[in-house]
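Asks: Below you'll find the structure I mean.
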């Protein structure tokens, strides 16, 4: 943190209160962000992080309290943007039908006039090169054709572009949730450089090692309030989890994994286009997909799902369920309630003679709200009333409440807090011990290392199979750069 920058306040919030019906989203939050510092913001899903972000970026006016940008008390998105405040949302906001450079223009109105496309392509291209060297993204490509990791990279780069107004504070909400370790490392290195040059960052992440490594100061929120705030050096991962209110589960010694590869596989696939290794998963296994993002893991999951299902419509006894990581595109129905989003795949089990048994549906909703701690007073509320992590819990409940013997998961823990992750890990292991098969792609190395076996991908094909004690971060990273075997 720069000495000069440490005395200048970019934004200050005093006693902010925001109420949505019976829910106190913010209950008297006071905080300040100074130039030249990275502030980590942590808390469980529903703690109030997204709400305070919307207050700071001008998208939400607090029902009580004040927001001041520097010494300017003017409120609203325009005032925040004029003060140099930018935000990368957890739910990406790019227009999929526009190109990368056209999305840059949408975000930066001063990019206009004759030749704006050429200038915009140069600006966004240089920023992508600066943050993510070797990215390979064409500024003329439609965003809808990009992978979720590439979309996240583009939105981050667009946000850091200085076009018209200087960038003083960037709020990064789960910015590495779809990035593999290499891309995440590139982003964190850029954040260090940006802050060292006098910029400010609010960094929100459920990956606590990232927070502890990048932040100068950490603010912990719970139930709409700031419960702890101090220098990052004053926290360990253990004490940070305790401050959030989680029960800390100690890391266990390496689990002795019994070989479950007896009898016919629950799921199998030949090598991709005749390249690399074949895939198979047996009943009771948790099989991980790993490797650098965008190397065919999601394509394989979809291929496996379609091989079992043939379509995306539910049946009384479905052969497989799919938990999407990109919930806004492939997971949630935004006009439906929380309960309807959860029960939509379970309607055959909840119906009698073609009519929905609403009492059974409500009972199922109550059961899973308690089991997986979906933070809502009413399951009939709209799905978008939930935080991103709680929306993801609904998708988990949808899959786990079914009778499907195979569950495929496409980086499903994006934006989910550590306490919930631990609970879900326990549920997955219990379900696997009872014979259910899980195929799990994750960009988080800790999650991949929980799997019984791991297939590592490179250039669209499986290049390595790891099992037991060989499932380590070092081995996965080494295999990620292995050439595809013919």
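Asks: Can you divide the C-alpha Rg of segment 267-480 by 2.2 N^0.38 Å and report the result to two decimal places?
Replies: So the Cα radius of gyration is 1.02 times the expected 2.2 N^0.38 Å.
Asks: I would also like to ask the following. Shape of segment 134-191 from its Cα gyration tensor (a ≥ b ≥ c, root eigenvalues): rounded if a/c is under 1.5, otherwise prolate when a/b > b/c, or oblate? Don't skip to the end; give the middle numbers.
Replies: Working: a/c = 1.85, a/b = 1.16, b/c = 1.60.
It comes out oblate by the Cα gyration axes.
Asks: Efficiency by 1/(1 + (r/R0)^6): what FRET value for residue 193 and residue 19, r their Cβ-Cβ distance, R0 = 45 Å, to the nearest 0.05?
Replies: Once rounded, the FRET efficiency stands at 0.70.
Asks: Apply the a/c threshold of 1.5 to the C-alpha gyration tensor of segment 104-178 and tell me whether it is rounded, prolate or oblate. Mind dumping the intermediate values first?
Replies: On the way: a/c = 1.80, a/b = 1.22, b/c = 1.47.
Taking the square roots of the gyration eigenvalues as a ≥ b ≥ c, segment 104-178 is oblate.
Asks: Moving on. What is the spin-label model distance, in nm, from residue 362 to residue 465 if the labels are put 7 Å beyond Cα along the C-beta direction?
Replies: Here the answer is 5.0 nm between the modelled labels.
Asks: For an R0 of 30 angstrom, estimate the FRET efficiency from the Cβ-Cβ distance between residue 445 and residue 109 and round to the nearest 0.05.
Replies: On the way: r = 40 Å, r/R0 = 1.33.
That pair, residue 445 with residue 109, gives E of 0.15.
Asks: For the pair residue 227 and residue 378, how long in nm is the line joining their label points, each one 7 Å along Cα→Cβ?
Replies: Once both label points are built, they end up 2.7 nm from each other.
Asks: On to the next question. Given the rule -39500 (n - 2.57) for each run of at least 4 DSSP H residues, summed and divided by the residues of the chain, what is its mean residue ellipticity at 222 nm, to the nearest 500 deg cm²/dmol?
Replies: -10000 deg cm²/dmol
Asks: So how much slack lies between residue 328 and residue 237, counting 0.36 nm per residue of separation and subtracting their Cα-Cα distance, in nm?
Replies: Working: separation 91, 0.36 × 91 = 32.76 nm, distance 3.03 nm.
Between residue 328 and residue 237, full extension yields 29.7 nm more.
Asks: Related question: Taking 0.36 nm per intervening residue step and subtracting the Cα-Cα distance, what contour gain separates residue 126 from residue 147 on full extension?
Replies: Numbers: separation 21, 0.36 × 21 = 7.56 nm, distance 2.01 nm.
Contour length minus Cα-Cα distance gives 5.5 nm.
Asks: Right, something else. Taking the radius of gyration and the Kirkwood hydrodynamic radius from Cα positions alone, what is the Rg/Rh ratio for segment 60-149, to two decimal places?
Replies: Expressed as Rg/Rh, it is 1.05.
Asks: Further question: How large is the Rg to Rh ratio of the chain when both quantities use alpha carbon positions and Rh follows Kirkwood?
Replies: Working: Rg = 22.9 Å, Rh = 23.7 Å.
Here Rg/Rh amounts to 0.97.
Asks: So, one more: What is the list of residues in segment 269-310 whose amide nitrogen lies under 18 Å from a point 7 angstrom out from the Cα of residue 431, following Cα to Cβ?
Replies: Counting backbone N atoms under 18 Å from the label point, the list is 281-289, 301-302, 304-306, 308-309.
Read-outs: derived from the displayed coordinates by stated rules, not from any lab. Bear in mind that the values here come from a model prediction, so they are computed numbers and not experimental data. A quick note on method: Cβ atoms are made from the backbone with ideal geometry, for glycine too, and the neighbour counts reach across all protein chains shown.
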